[in-house]
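Novice: I have a structure here, written as structure tokens, and I will follow up with some questions on it.
The values are calculated or read from the model by the stated rules, or taken from the named source; none is laboratory data. Treat the numbers as computed from the prediction; the structure is a model and nothing was measured. Counting neighbours? That spans all protein chains shown, and the Cβs are built from the backbone with ideal geometry, glycine included. For accessibility, only protein heavy atoms count, side chains too; no ligands or nucleic acids. Shrake-Rupley method; radii C 1.70, N 1.55, O 1.52, S 1.80 Å.
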Amino acid sequence: MIDKIRALNADPGVHGILVQLPLPPQFALADILRAISADKDVDGFHLYNVGGLVIGDTVFPPCTPYGVLKLLEHENIALEGKNVVVVGASNVVGKPMALMLMQREATVAICHAKTRDLAQFTILADILVVAAGQPNLILAQMVKTGAVVIDVGINRLPNGRLVGDVDFEGVRRKASHLTPVPGGVGPMTVTMLLVNTILSAERTARGLKLPADALAGLGMAI
């Protein structure tokens, strides 16, 4: 797989590389993600782009949190000064989501699987972003009236039905905004992947590249 990624890195006709996750356990995920050129990392998982999130200067934001921000922008939901709770601390959604929200001057709390009394945090949220991978984790009594709730989770029940992490029918009666599953954040993830790919193509057309020494310092295969 790494040989294939290196070949795609060198191919000027390829502007974006995405590795579909999760991978089987025998794959060294960190090595595979590091092998992708940061110039073609349209999923935003390369260490260069992840590190850029910390200082607000990433080239390709990770697609799911990026899509959540665009949803909030579209609905004219202000972030500055708002209490935002992110449930889930994954490298794919939770952590980058928190960093991107802090850049918009929101006050952010991150909860995870070992958070005690989750409801004491979620009930304070003006905006609640849930990406825990547990169906019906968030119930109506855990949500403040008028809160904005973004459900990033996607879970398949034994009957085959897809649901999020939020009890949709219960929470919809209290939330001012609530994203459905499926059909909410998922399509936005795909959309932002295309946005990043177009940006990559435009950067290539303008001759823009990240510094080679920056990539080499991260153990990149250039």
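Novice: Please find, within segment 101-118, the residue that is nearest to the chain's Cα centre (by Cα) out of those that are closer than 26 Å to residue 182 by Cβ and not in a loop (DSSP other than H, G, I, E, B).
Specialist: 101
Novice: Ok, one more. Restricting the search to segment 25-57, which residues are assigned to a loop (DSSP other than H, G, I, E, B), open to solvent by 20 Å² or more (accessible area, probe 1.4 Å) and among the small types (Gly, Ala, Ser)?
Specialist: Residues satisfying the conditions are 28, 56.
Novice: If you scan segment 140-189, which residues turn out to be over 22 Å from residue 76 (Cβ atoms) and in contact with a Gly (Cβ under 6 Å, 6 or more places away or on another chain)?
Specialist: Within segment 140-189, 140, 153, 164, 165, 181 qualify.
Novice: Further question on the same structure: For residue 83, state whether it is touching a Ser or Thr at 6+ places or on another chain (Cβ under 6 Å) and open to solvent by 50 Å² or more (accessible area, probe 1.4 Å).
Specialist: The answer is yes for residue 83.
Novice: Conditions first: (1) over 15 Å from the mean Cα position of the chain (by Cα); (2) within 23 Å of residue 143 (Cβ to Cβ); (3) assigned to a loop (DSSP other than H, G, I, E, B). Residue 89 passes all but one, so which condition is the exception?
Specialist: Condition not satisfied by residue 89: (1).
Novice: Take the residues in segment 111-123 that are of a type outside the set (Ser, Thr, Tyr) and surrounded by 19 or more Cβ atoms within 10 Å (Cβ to Cβ), then tell me which one is farthest from residue 69 (Cα to Cα).
Specialist: Restricting to residues being of a type outside the set (Ser, Thr, Tyr) and surrounded by 19 or more Cβ atoms within 10 Å (Cβ to Cβ), the top hit is 121.
Novice: Still on this structure: Could you tell me whether segment 92-100 includes any residue that is touching a residue at least 60 places away in the same chain (Cβ under 8 Å), within 19 Å of residue 189 (Cβ to Cβ) and either assigned to a loop (DSSP other than H, G, I, E, B) or open to solvent by less than 10 Å² (accessible area, probe 1.4 Å) (or both)?
Specialist: There is at least one residue in segment 92-100 that is touching a residue at least 60 places away in the same chain (Cβ under 8 Å), within 19 Å of residue 189 (Cβ to Cβ) and either assigned to a loop (DSSP other than H, G, I, E, B) or open to solvent by less than 10 Å² (accessible area, probe 1.4 Å) (or both).
Novice: Checking residue 196 against (1) at pLDDT 95 or above; (2) over 27 Å from residue 37 (Cβ atoms): exactly one of these is not met. Which one?
Specialist: (2)
Novice: Out of (1) surrounded by 15 or more Cβ atoms within 10 Å (Cβ to Cβ); (2) more than 23 Å from the chain's Cα centre (by Cα); (3) assigned to a loop (DSSP other than H, G, I, E, B); (4) not small (Gly, Ala, Ser), the odd one out for residue 135 is which?
Specialist: With respect to (1) surrounded by 15 or more Cβ atoms within 10 Å (Cβ to Cβ); (2) more than 23 Å from the chain's Cα centre (by Cα); (3) assigned to a loop (DSSP other than H, G, I, E, B); (4) not small (Gly, Ala, Ser), residue 135 is out only on (2).
Novice: Among the residues of segment 138-152 satisfying the criterion of being free of Cβ contacts under 8 Å to residues at least 40 places away in the same chain and within 19 Å of the chain's Cα centre (by Cα), which is farthest from residue 180 (Cα to Cα)?
Specialist: The qualifying residue farthest from residue 180 (Cα to Cα) is 149.
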